[in-house]
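The values are calculated or read from the model by the stated rules, or taken from the named source; none is laboratory data. Everything quoted here is computed from the prediction, not taken from an experiment. Virtual Cβ from ideal backbone geometry, glycine too; neighbours counted across all protein chains shown.
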Protein chains: 2
Amino acid sequence: MTNIAIMGLGVVGGAVYDALEKNAGIYKRLCGGIKVKYILDKRDFSGSEFASRVVNDISVILKDKSVKVVAETMGGDRPAFDFSLACINAGKSVVTSNKLVVEKHGAELERAARKNGVSYLYEASVGGGIPIIRTLRDTLAVNSVTEINGILNGTTNYILEKMETEGSSYETALKEAQALGYAERDPSADIEGLDAARKICILASCAFSGKYRMEDCAEIRGITNVTAQSVAEAKAKGLKIKLVGTAKLTDNGALLCVRPCAVRQANLLHSVSGVFNCICVKGDLVGETAYYGHGAGGSATASAVVSDIVEAASVRPLPRPASAKKAVCKQKKAAETVTLGGEEYELI
Amino acid sequence: MTNIAIMGLGVVGGAVYDALEKNAGIYKRLCGGIKVKYILDKRDFSGSEFASRVVNDISVILKDKSVKVVAETMGGDRPAFDFSLACINAGKSVVTSNKLVVEKHGAELERAARKNGVSYLYEASVGGGIPIIRTLRDTLAVNSVTEINGILNGTTNYILEKMETEGSSYETALKEAQALGYAERDPSADIEGLDAARKICILASCAFSGKYRMEDCAEIRGITNVTAQSVAEAKAKGLKIKLVGTAKLTDNGALLCVRPCAVRQANLLHSVSGVFNCICVKGDLVGETAYYGHGAGGSATASAVVSDIVEAASVRPLPRPASAKKAVCKQKKAAETVTLGGEEYELI
């Protein structure tokens, strides 16, 4: 039985708690069982089933040597980063769904984990429940991965699909997505491509040598300038406009970018609809592969978080090699393009 | 540096050798390096670059304690099974691409591996290079997997696609596939659905409790009775006939079957063309996910074999829990069907 703590009982943290209850038998078989000893949350849970486990002070968790794994599902930069680092330095493995912290502080947290002989795992930080991080680090690691293309943000994919199927304007589609809870009240991280950029940086860091950050991207362009006219013209040509994140090895280093593309019908990404994500990975041995699933949502994300908890609870951390020096390319080569609604789109 | 042996230098064995040469730097970083000490093959390689390493007698490999991992890429039932068992009993991990041996003798080989503290790994036995076995056993293992649907055989998928796009008869399409090397001279294992059935049994064994065998399948029906007329009628309705392997948890146990289905456009399997494979997995937490890639071919399959070699060379085998008792359902429930060319097809 492994004692864990959950930091942040929001949508993902709550779903992690529920999954651990629901599938307790599975986890007993896989790693001897997992017990949530503490829940760190500022809110008042008195009277709830959680009440006896809720703590407001991280030091309670840090001091308890029986807690081996901490799930960070708080979101945001701070204090999530500080708490994660403190847990690692206290000899606890940390697993997280927090792409912002992984993109910004991942290198430092992984260094600290190596130093302390524990794990820092983040399967849930990209593609919700899609098992892409472990696939890149383990099974596909025997390849030289040359290119990754992905639909990494469900909110923008939902908005673009609404524009395509209903002919609505960007503003109308965004409002609908907000009303349905698919877009946040402040949707800027999604619609400006920042969320997808963080994820392509995390994927590139797993697939290539080096740690890639937002500032390494050659281009980050969201969907705010995609017009109904462009979408309609794409449709007439059998194309779909999708927000695509790309990481590609070039002779001049890794080229990272996020931008709306015109996607051909023959491309797998063409048929990825709604809030689904899909990540295409090319390797020198394996050729083209793709991974598809729910890119967000409590339960799917919890699947990834719990798989990391089980890994951290089961095995001593694998001695993953430290990242090599990275090379970044910021010069995009001329790609095949198509003009839609007076705007130029890369054709993929 | 880990010493290995390759048993069988055919298409897959040769591609494994090439991959180990080509990406030697990657494997040095991942696990300290891999050296092919022996190649077991009956043919004469004198004069070739392999000559000094080729042996005709398995006992040379069995006796050499410096060989830690053996890649079985011979194919066929015997002597591949006997050699694998002998290697495991001699304290060596065995990795394989041999779906026939895994389906038929997997339970015995895994028991022997547990007893000897080594690994028996078979990522390459299903879906070529698609990382599906490790995904089911590790990342998705935190789910209760409820259903798997897959296009698991590239040969039949290629033939059905030819019939659809060119309106050709089954016989003509088969001859074309044979001429191009996509179908074997004796194509019965592919076209009668046996190859797909072996693979769905292996997937079910990874996803559910218990070891599933061919005789557990409720139905194994290949593509030999699919007519040009059925294919044309499907096309007119916006459907495609595909050979689909299914493993589903029912209240009465696991239902396993392989049969041609009429696949709707909204189903991911609809757009899987040529010799590609695609495997859709539903889990209680993660929801619907899918995995896509080259289902065969030396290089793609080598990617999977080498990933198993690296795992076996890197870590002590994880104590995977022994399989629980299985329950099999042989009663297919009434499904939604459509009549095409006078034949009834399950509609998915």
query: In segment B:311-344, which residue that is within 30 Å of B:Lys28 (Cβ to Cβ) and in a loop (DSSP other than H, G, I, E, B) is modelled with the highest pLDDT?
result: B:Val315
- request: Working only within segment B:1-51, note down all residues that are facing chain A (nearest Cβ under 10 Å) and among the acidic types (Asp, Glu).
  value: B:Asp18
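Residue-by-condition table, conditions (1) within 14 Å of chain A (Cβ to nearest Cβ); (2) touching a Ser or Thr at 6+ places or on another chain (Cβ under 8 Å):
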position	(1), (2)
B:Val94	no, yes
B:Gly129	yes, yes
B:Asp138	yes, yes
B:Ser144	yes, no
- request: Write out, first by first residue and then by second, each pair whose Cβ atoms fall under 6 Å of each other, whose residues are 6+ apart or on separate chains, and whose first residue, in segment B:278-289, is more than 7 Å from chain A (Cβ to nearest Cβ) while the second is charged (D, E, K, R) and not in a loop (DSSP other than H, G, I, E, B).
  value: B:Lys282/B:Glu147; B:Lys282/B:Glu288
message: Take B:Tyr38 and tell me if it is assigned to a helix (DSSP H, G or I), surrounded by 15 or more Cβ atoms within 10 Å (Cβ to Cβ) and outside the structural domain of B:Cys217 (by TED's automatic domain parsing).
response: no
task: Restrict the check to segment A:105-116 and report whether at least one residue is in a loop (DSSP other than H, G, I, E, B), closer than 16 Å to A:Ala207 by Cα and either aromatic (Phe, Trp, Tyr) or in contact with a Ser or Thr (Cβ under 8 Å, 6 or more places away or on another chain) (or both).
output: no
- request: Go through segment B:139-165 and give me each residue that's part of a loop (DSSP other than H, G, I, E, B) and crowded, with 24+ Cβ neighbours inside 10 Å.
  value: B:Asn143, B:Leu152, B:Asn153
- request: Among the residues of segment B:278-306, count how many are more than 18 Å from A:Asp284 (Cα to Cα), under 12 Å from the mean Cα position of the chain (by Cα) and not β-branched (Val, Ile, Thr).
  value: 1
query: Within the set of pairs 6 or more residues apart or between chains, which connect a residue that is at positive phi inside segment B:178-195 to a residue that is among the hydroxyl-bearing types (Ser, Thr, Tyr) and in a helix (DSSP H, G or I) with Cβ atoms less than 9 Å apart?
result: B:Gly193/B:Thr156
- prompt: Taking the condition out of contact with any Lys or Arg (no Cβ under 6 Å at 6 or more places or on another chain), surrounded by 17 or more Cβ atoms within 10 Å (Cβ to Cβ) and more than 14 Å from chain A (Cβ to nearest Cβ), does B:Val231 pass?
  reply: yes
- line: Checked against (1) under 23 Å from A:Gly287 (Cβ atoms); (2) within 14 Å of chain A (Cβ to nearest Cβ); (3) not β-branched (Val, Ile, Thr), B:Gly210 satisfies every condition except (1)
query: Out of all the residues in segment A:55-79, which are under 22 Å from A:Ala19 (Cα atoms), in contact (Cβ under 8 Å) with a residue 40 or more places away in the chain and not polar (S, T, N, Q)?
result: A:Ile61, A:Val67, A:Lys68, A:Val69, A:Val70, A:Ala71, A:Glu72, A:Met74, A:Gly75
statement: When restricted to A:Ala232, A:Ala204, A:Ala179, the only residue within 22 Å of A:Ile279 (Cβ to Cβ) and in the same structural domain as A:Leu268 (by TED's automatic domain parsing) is A:Ala204
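Restricting to segment A:245-277, what's the tally of residues that are at the interface with chain B (Cβ under 9 Å from one of its Cβ atoms) and surrounded by fewer than 20 Cβ atoms within 10 Å (Cβ to Cβ)? Can you show your working first?
Our first condition is that a residue be at the interface with chain B (Cβ under 9 Å from one of its Cβ atoms); within segment A:245-277, this holds for A:265-266, A:268, A:270-271, A:273, A:276.
Still in the running and surrounded by fewer than 20 Cβ atoms within 10 Å (Cβ to Cβ): A:265-266, A:270-271, A:273.
Residues flagged as at the interface with chain B (Cβ under 9 Å from one of its Cβ atoms) and surrounded by fewer than 20 Cβ atoms within 10 Å (Cβ to Cβ) within segment A:245-277 amount to 5.
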